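Asks: Structure provided below as structure tokens; questions to follow.
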Amino acid sequence: MFGGFAGTTGNSGTDWGEQMLNTVASKTIRHLFTRSESVEVSVRCFPSSKLLQGSIDSFKMSGRGLVIRRQFRADEMSFETDAVSIDFGSVLKGEMNLKQPTQAIAKVILTESDINQAFQAELVKQRLENLSLPALTELSGG
């Protein structure tokens, strides 16, 4: 079990620490979506002993056909971070919590249908009804 911390790798080419992180991160991310066609998560942490200090090298997520809150669909979504500081104790509980904010690069692709459907969601309607901003009126031409 602790061989991964010493650098022993499994069949996939990642060591025990990375395999554990990938499993926890995949499970955590998948639960954020009501539905998904595919979700892929990759966490890099070498050597795995850095995990005990709460440090990982990078985090990547990509997905297709992702539905959030049953009403907001994204055709594709991906994001990637550099080094991240995480709470190692939360990983052992099957969760992943950040110790501090981090920077990420994200890409979200919405289809016209996705956007139109989002504007029909009750959450969006509540915020847009009776909205009166002069800048919006000028932008739309009246």
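Asks: What percent do you get for the relative contact order of the chain when only Cα pairs under 8 Å and 6+ apart count?
Replies: Reported relative contact order: 18 percent.
Asks: For I109 paired with Q126, estimate the spin-label separation in nm (one decimal), with each label point 7 Å from Cα along the Cα-to-Cβ line.
Replies: In this crude spin-label approximation the distance works out to 3.2 nm.
Asks: Under the rule of -39500 (n - 2.57) per DSSP H run of 4 or more residues, summed and divided by the residues of the chain, what mean residue ellipticity at 222 nm is obtained, to the nearest 500 deg cm²/dmol?
Replies: The helix-only estimate for the chain comes to -9000 deg cm²/dmol at 222 nm.
Asks: By counting other Cβ atoms within 10 Å of each Cβ, how are V84, V124 ranked from fewest to most?
Replies: V124, V84
Asks: Go through A135, S42, T111 and say which Cα lies farthest out towards the positive end of the charge dipole of the chain; charges sit on Cβ, +1 for Lys and Arg, -1 for Asp and Glu.
Replies: Farthest along the dipole direction, towards plus: S42.
Asks: What angle do you read, to the nearest 10 degrees and between 0 and 90, between the alpha-carbon axis of helix 16-30 and the longest principal axis of the chain?
Replies: Approximately 20 degrees, to the nearest ten.
Asks: Take the Cβ-Cβ distance between T34 and T137 as r, set R0 to 30 Å, and report the resulting FRET efficiency rounded to the nearest 0.05.
Replies: Calculated transfer efficiency: 0.30.
Asks: Now a separate question. How many lysine pairs are close in the chain, with Cα atoms under 16 Å apart and the two 8 or more places apart or on different chains?
Replies: 4
None of the figures in this text is laboratory data; all of them are computed from the coordinates on show. Everything numeric in this text was worked out from a predicted model, so none of it was measured. Every residue, glycine as well, gets a Cβ built from its backbone with ideal geometry; the counts of neighbours run over all protein chains shown.
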